[in-house]
Amino acid sequence: MKVLFVFGTRPEGIKMAPIIKEVEKRHTLESYVCVTGQHREMLDQVLEIFDIEPDYDLNIFKKGQSLTEVTTKTLIGLEKILDELKPDILLVQGDTTTVFAAALAAFYKKIKIGHVEAGLRSGNIYSPYPEEANRKLTGIVTNLHFAPTENNKNNLLKENYPKENIFVTGNTVIDALKYAVRDDYIFEDETLNNIDYNKEVILLTSHRRENWGEPMENIFSAVRQVVEERENVEVIFPVHLNPLVREVANKYFKDLDRVHLIEPLSYLPFSNLMNKVKFVVTDSGGVQEEAPALGKPVLVVRNETERMEGVRAKTAKLIGTQREEVYKNINLLLDDKRVFDEMAKAINPYGDGNAAVKIVDILETLDK
Ligand code: UD1
Ligand code: UDP
């Protein structure tokens, strides 16, 4: 059985890595890796950490390219590889444009598709945009749906996918997290080592397309006001490489000493940083899954989320992107110990760290 892993961005790499490593351990399946290069530096950081050497690199990266360019370059680039390699199954992970385009390329060649992190739904096709559509479009051509949670499985059942094709496995992000986080971790970067984590240290990340413009301005403006009003607060913000994000981040934070605008961190320092801070403010998907596992409250600066498990377990709170709401909710976590303690309980709604083993067990049972 030839398994071809295709991925293109940072989070896909992090979440695919545990499966690739598990396949390599078993020697029962032939494993091939193709990266599209939708991301470049941020993807290469992941390949290095997990010691993955791609067999194919479509290298489609171009700064500021459109969704159409990412889609068409991936489709065209994969066609040749699929003809040459003839994999028995192609695995994709998540909901990026790489995922949709790679699944479509495999479908055109009638190659089986396994979708890792299947069944997430926000219910709004424009939020997250374009990810909600990518997930649904990928689902249609998928043969094996690896759903992280029962809730994700139910979403797929509601869309009439046959239940024998859906497997609840947990999310491989927890497998990656278990590999990465150590309580005695020391950063290579002195700025991060020198921060006093007994202070009120907040980790901030934001990159979502539907937050570009006014919502992101609102979020950053609220965070700025908190920092200006509270001397004990420090914010660490590893800024996504998208120039549209960097411009707004610089506008609101460049002159503030207690806001540390840093380059995107590699996965080991990032996940260990999350383990040390007081709480997290984010619009990221992966970070919403990791923070609850580490017992870190997470304020989700979005209007809806496909990851309601953390919200129901009360470690995550969906606070929207209105300036006043963001300001109020950050202050609430800083002021009210009871609210903080209720959110700071470690829970594992997204998996137990054995998702990759479960997925590879299933792959091993497949007929060619
Ligand atoms: C993409 C995914 C999003 C995912 C995110 C993870 C799509 C449509 N979006 O969004 O679902 O949550 O990745 O981070 O698939 N850039 C670099 N170097 C890099 C990466 C990005 O310079 O290594 C800059 C480039 O200018 C690039 C821009 O960021 O054009 C946007 O990258 P792109 O992959 O189009 O979208 P993301 O916002 O990263
Ligand atoms: N991450 C990282 N370095 C950073 C910020 C995030 O390694 O500077 C990791 C994070 O731990 C998570 C993943 O990247 O596993 C999330 O990626 P991102 O927020 O870019 O995408 P999303 O999950 O929203 O698709």
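The values are calculated or read from the model by the stated rules, or taken from the named source; none is laboratory data. Everything numeric in this text was worked out from a predicted model, so none of it was measured. For neighbour counting, all protein chains shown are included, and Cβ atoms are generated from backbone atoms with ideal geometry for every residue, glycine included. Surface accessibility is based on the protein's heavy atoms, side chains included, excluding ligands, DNA and RNA. Shrake-Rupley method; radii C 1.70, N 1.55, O 1.52, S 1.80 Å.
A few notes on this one:
- Of the residues making up region 315-368, those that are in a loop (DSSP other than H, G, I, E, B), surrounded by 15 or more Cβ atoms within 10 Å (Cβ to Cβ) and not aliphatic (A, V, I, L, M) are 315, 320, 321, 322, 348, 349, 350, 351, 353, 354.
- Identity of the residue in region 196-247, touching a Lys or Arg at 6+ places or on another chain (Cβ under 6 Å) and touching a residue at least 60 places away in the same chain (Cβ under 8 Å), that ends up nearest to ligand 1 (Cβ to nearest atom): 218
- Residues in region 202-221 that are within 12 Å of ligand 2 (Cβ to nearest atom) and either surrounded by fewer than 18 Cβ atoms within 10 Å (Cβ to Cβ) or of a type outside the set (Ser, Thr, Tyr) (or both): 203, 204, 207, 208, 209, 210, 211.
- Residue within region 54-71 that is in contact with a strand residue (DSSP E or B) (Cβ under 8 Å, 6 or more places away or on another chain) and within 12 Å of ligand 2 (Cβ to nearest atom) present: no
- Within the span defined as region 7-14, every residue fails to be open to solvent by 40 Å² or more (accessible area, probe 1.4 Å) and away from ligand 1 (no atom under 15 Å from the Cβ).
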